[in-house]
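The values are calculated or read from the model by the stated rules, or taken from the named source; none is laboratory data. Keep in mind that what you see is a predicted model, and the values were worked out from it rather than measured. Note: ideal-geometry Cβ built from the backbone for every residue, glycine included; neighbour counts use all protein chains shown.
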Amino acid sequence: MPNHLAAPHRQEAPPSLQCWHSGGDAPVVAAADHPFKRIEIALLDQEANKPGAAAASVTSQSEPECDVAEVKRRAKAGLVTIAVAVVVAVMTLAGAAATLLVTGLVPLSGLEGRIANAIADRLGPDWTVEAAAAELGRIDGHSHLRVRQVSFRHKSGAAIRAPEAVLGYEPMALLRGEIRLKSVDLRGVNVRLGVNRDGALIVNADSAPAELPPPSTLPDAAQWNAFTGIMAAVSTLAQGDGLLGALDTAGMNGARLSLIDPEGRQKASLEDVDIRLTRTGERGTRLTVKGRTGQRWKELAIELSSEADGTQRAEIDIIRFEPAEVVALALGTGGLSIEGLPLRGKASLSQSPAGARSITARIDVLPGVIRFPDSPVPPVTVDGAHLELASSGDFSVIDVRSVELNAGATRLKGTGTLRADGSAWRSSIAASGQVAGVDADPAVRIDAFKADIRFDPRTAEAVIESASLQGPGVRAEGRGTIQQVGASPWQRFSIKATDLDPRAGLALWPRWTSEEVHLSLSRQFLGGRIASLHVEMDLPAEDHARLLQGSGIPEDALTVVIDASQVRFLPGPGLPPLIDASVSGRITGRTVKIAIANATADLGQGRQLRLNEGSFDIPDTWGRRQPARAAFRSTGSMEALAALFAFPALKEFSPGEIDPASLRGSSDLKSVVNLVLADDPRPGEIVVTSTGTLSGVASDTLLGPEKLDGGQLAVNFDRTGLTVRGEARIGGERGQIEIRQDPRGKGEASVSLTLDNAARQKRGLGPEAGINGPVQLKITKALGRGSEGPARVEGDLSKASIEGAIPGLSKPAGRAAKLTFTYLADPDGADLDDVLFESTPILIRGRIELNRQNAFESASLSQLRLSSGDNLKVEAKRDGNLTKLVIRGAVVDVRPFIRNLQSASGPAAARGEKAGSRSGDIDVDLDVPILTGFNSEAITNASLKLQKRGGDLRTIAFQGRIGRADVTVKQASRLGEVAGGLLVQSENGGALLRFVDLYRRAHGGDLILNLGPGQTRQSGELLFRNFVVRDEPALRRVIGEQALGGDRADNAATPVPINVSEVAFTKLRAEFTRSASRLDVSDMVIWGQQVGFTLQGNVDYGRDRVDIGGTFVPGYAFNNAFAQVPLVGALLGGGSQYGGLFAVNFRIAGAASAPTMSINPLSAIAPGILRRFVDPLGGAPAQKPIQPNQAPTR
């Protein structure tokens, strides 16, 4: 201790006082006890300390011992001195008081050491206190000592520094020179609290966050006992020992507490820390602690007391305590962190004088989250918890009277004990409640859980000696060991379960122990009962470390053997669940092998496929997107099989959008599915291999209006794609079915069949369609995702003949012909798109629309070519019963149309009168620059406007030019006929006859044709004037035979010269009847100046037959004059007014394409009526021609 703070040294009294003392004992005693005595002694002490004081003392001793006058003088001087000192002291105190009132503080320079020593004396011999400055001031209306930059050091090295300490003191003691403290309040303290790697507690406090000094430690934390420490504090406070025992209050205000981990990193800090220790009585003390970390406050109060019999108590009231920082301090960089979970509760500790100890606690935990950083363990969200425990004696047994945990759907409540076993502890637990189910499953009820566990801190080992679990969905027992080896645990478990719900077992199995296996099984097992389950796990520490790094666990570290029935199992994402399955298998740390003896695929809506010979394998469960394999044999209905391909994982392999309800039949398939364990399978990650048969396949709607039944199909599906081949009846006809798809799901389905006349008749394509003979059809439809295209129809008409389907369209059987189009289904009627018909030279392209009854609606033909030179476009539109045709183009060859009119196989002939009566209405608008016909003739600038209603011609207007002459066709009727007749006129009749290939030898002439109304039979009249016949072989022959006959009749007569190369005629008049392909000429007369003819007969173009009989009249002007004589003209003219006196009868018969002409030479020598005798037919055909308005013969 410094010398200037040492106790004052007592010196000898001056002689004067000694003389005064000698007068007797009583005065001496009285003087010694008088207060002035103390003041005198103090003054003498001051004089003694002055220089020269010792010499003066020696001199004074030589003076006479008793000088009364001198004594009186000096007494007076002393009294004056005392009075002055008192006045000075009073003035000094008054000045100090005034200074304190004005400035609030009074410096106490020089007293810092005495104040520090006073504090150190109270703390005890192990503490040293230093202070930089001290002052007296008023704080909160009270006088206090303020000490700045004060430090407290313990001999162990622990140090606390505070920028300021406010000390409460006793004023009277301070006047006596004593410092007696009543309270201590440290302000602005910065405390660092932590533990080192050896577990020792590190305490350091300073007034500023300076660099962390070398750590100092309190006694080893392993030897520190919280209970003993609290009881020692109670004893200290009760006995009044040390600083705290002598103070009324002590505390820290505005402190900052930093928590440091073993690596020296700051884990957390407490701000605004307020610690207050207050004596509540003679034997009681209250300690309150409050602080915050951010917005998280920690507040608790401890009542410490000591009873008269020596019993010590501590009542702890945890008002609010969030343990995140304490956990961070305790675990350092360990794998546990806390968010929230504030504690609230009470604890009571007591210790008797005999050493008996007891503790009771009741603690509530509020909501929060426990996280496990750098660990596969997921965060645990705690809604609340409650703990009640008690212990007594030597604390070898702790009774957990009640413990509750609420975490989401998990609700557990139980009791237990914790017993000391040497250096280890044994715990017995009994609990019940419920555990959260897997994913969205309901919670798993736990009726009883019992476990005996042994903890050994020395070996860092926890042994589960026995554990059992019972509930409605689980019955299991097991054992296990967890031992910390380095930074990782060694885990060994053995679990046996019976009558187990697989979902309940998965809920109780911690997912983090084998996350991928757990995830796979939780996705796959949907329910059922597990008859037996045996789990063995032996995971060394080094494998656990690799597990945390994402390397998985070894194959032999985990073994699960399972035997289950009535299992609901999901093989993979996008596949149907399996129900009522009998499953057995083995699961290891890496693999899954499950055998499925039998199961049922539940496809929804009551549809099921029966499965057997099944298996499910996962070669490696660890990692993402691991492959798996499922194999099975399936039998069931076609409806169920179609529903299977509607599931997402197989949808891309579906042959198309098929309504399962539309199919009938049965299936028998063996399938293998290779897939990946992922919720989002990518293309190519699911590979299905399947082979088998489909029997009795039938559907009423799969092929549209065509009914499918009796199908026998073979199925093969592999990496190359899907192939389905077989036969079935399609609308009653046997057909071939083939389906092909590539691995990407794209392909086509095709149906091939042959339709004969009867098959087409059933489908509404009778003889009126103009097709005769077998037609081979192939319908193809694209399949696969993104290929929902229409069906494509291909028809081979090579073996069929076509006549009259379109006017002018004609194809014989045997000529190659191909028809293709795209069938577009539409609710309002199908559309035939991209129509193409080819049969050289015929070519038709365009689009056809049908109505709901598959009848013609409209057509747009971009190209129509019936002959090689055609170039036409046709637009057709049906409006009710009316069909409108618009025909445009550059050139059209009308020869096929002409042949069609001359043919017997056209639709009119085929349908007869009944069909004709049903003919619809039609409007034709034709505008084509060039119409080419027979014999190199053409009509130019042709236009046609035509209207027919109910089969009757309403209006027609045709005009064009043939050569230099006009050709017109218009509507006109002869007298007595109904409306609808035609009038054809041309000033170049010979060219028009050649154009229609009726007669090639006529040239020029004015032609007028009247054609009566009618669709199947028409009567007409032809008038042809002033034309020339050139190079007619038949005329040459007739004229030649006639000349020969004339020589025999009259050898003296001179023959009339006739130029057979060119014969001019004045007029041709004929009456005829046209029916189908037959033309009957009832009366035809042709005459000129030189020759004349009368003809009658018929030409049947359909049958290629001709039969015409006639009479040739040479020198017609002269010869016919006899026939015009009244009364006898008929005799002289051979029975006809157009005959002659001399004539030759002839007949043309045989094939129309190559007729034979015969002449009766005797008729040339028999004049007039005598020709009847030599030629009974008189130039008539064998069959009499049909007369106009005459019913046709049968």
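Of the residues that sit in the stretch 1090-1110 and are at pLDDT 80 or above and of a type in the set (S, T, N, Q), which one is farthest from Pro896 (Cα to Cα)? This residue is Thr1094. The lone criterion from (1) crowded, with 17+ Cβ neighbours inside 10 Å; (2) closer than 30 Å to Glu685 by Cα left unmet by Lys746 is number (1). Restricting attention to the stretch 942-975, the residues being of a type in the set (Gly, Ala, Ser), buried (at least 18 other Cβ atoms within 10 Å of the Cβ) and at pLDDT below 85 number 1. The single condition among (1) small (Gly, Ala, Ser); (2) in contact with a Phe, Trp or Tyr (Cβ under 8 Å, 6 or more places away or on another chain); (3) modelled with pLDDT of 85 or more that Gly745 does not satisfy is (3).
Considering only residues of the stretch 829-864 that are of a type in the set (Gly, Ala, Ser) and outside any loop (DSSP other than H, G, I, E, B), which is farthest from Val924 (Cα to Cα)?
Ser839
Here is the figure for the stretch 841-851: residues that are at pLDDT 90 or above and surrounded by fewer than 17 Cβ atoms within 10 Å (Cβ to Cβ) total 2. Apart from one condition, Pro571 fits all of (1) in a loop (DSSP other than H, G, I, E, B); (2) more than 24 Å from the chain's Cα centre (by Cα); the exception is (2). Anything in the stretch 239-282 that is at pLDDT 65 or above, farther than 16 Å from Ala162 by Cα and exposed (fewer than 15 other Cβ atoms within 10 Å of the Cβ)? List them, or say none. Hits for the stretch 239-282 are Asp248, Glu263, Gly264, Arg265, Gln266, Thr280, Gly281, Glu282.
In the stretch 620-632, the residues that are closer than 11 Å to Val672 by Cα form Cβ pairs under 9 Å with partners that are among the charged types (D, E, K, R) and surrounded by fewer than 18 Cβ atoms within 10 Å (Cβ to Cβ), at six or more places apart or across chains, as follows: Ala628/Asp617; Arg629/Asp617; Ala630/Asp617; Ala631/Glu613; Ala631/Asp617; Ala631/Lys670; Phe632/Glu613; Phe632/Lys670.
Picking from Leu850, Leu864, which residue would you name as being in contact (Cβ under 8 Å) with a residue 12 or more places away in the chain and under 30 Å from Thr932 (Cα atoms)? Among Leu850, Leu864, only Leu864 is in contact (Cβ under 8 Å) with a residue 12 or more places away in the chain and under 30 Å from Thr932 (Cα atoms). Scan the stretch 871-880 and tell me whether some residue there is modelled with pLDDT under 85, in a loop (DSSP other than H, G, I, E, B), of a type outside the set (Lys, Arg) and under 58 Å from the mean Cα position of the chain (by Cα). Yes, there is a match, as at least one residue in the stretch 871-880 is modelled with pLDDT under 85, in a loop (DSSP other than H, G, I, E, B), of a type outside the set (Lys, Arg) and under 58 Å from the mean Cα position of the chain (by Cα).
Looking at Ile618, is it crowded, with 16+ Cβ neighbours inside 10 Å and modelled with pLDDT under 85? So Ile618 does not fit the description; no.
Just checking: which of the strands (runs of 3 or more DSSP E) contained wholly in the stretch 976-1053 hold 2 or more residues that are touching a strand residue (DSSP E or B) at 6+ places or on another chain (Cβ under 6 Å) and modelled with pLDDT under 85?
Here the list reads 1017-1030.
Here is a check on your reading of the model: is Arg458 in a helix (DSSP H, G or I) and either of a type in the set (Ser, Thr, Tyr) or touching a residue at least 12 places away in the same chain (Cβ under 8 Å) (or both)? So that I can check it myself, show each step before the final result.
Working: in a helix (DSSP H, G or I): no; either of a type in the set (Ser, Thr, Tyr) or touching a residue at least 12 places away in the same chain (Cβ under 8 Å) (or both): yes.
The answer is no for Arg458.
Filtered by the rule that a residue be in a strand (DSSP E or B) and buried (at least 17 other Cβ atoms within 10 Å of the Cβ), the stretch 461-474 gives Glu461, Ala462, Val463, Ile464, Ala467, Leu469, Gly471, Val474.
Val380 satisfies every condition listed in (1) over 30 Å from Ser269 (Cα atoms); (2) surrounded by fewer than 16 Cβ atoms within 10 Å (Cβ to Cβ) except (1). The criterion of at least 1 residues that are modelled with pLDDT of 85 or more and either among the β-branched types (Val, Ile, Thr) or under 30 Å from Trp622 (Cα atoms) (or both) is met by the following strands (runs of 3 or more DSSP E) wholly inside the stretch 289-396: 296-306, 312-321, 357-365, 368-371, 380-382.
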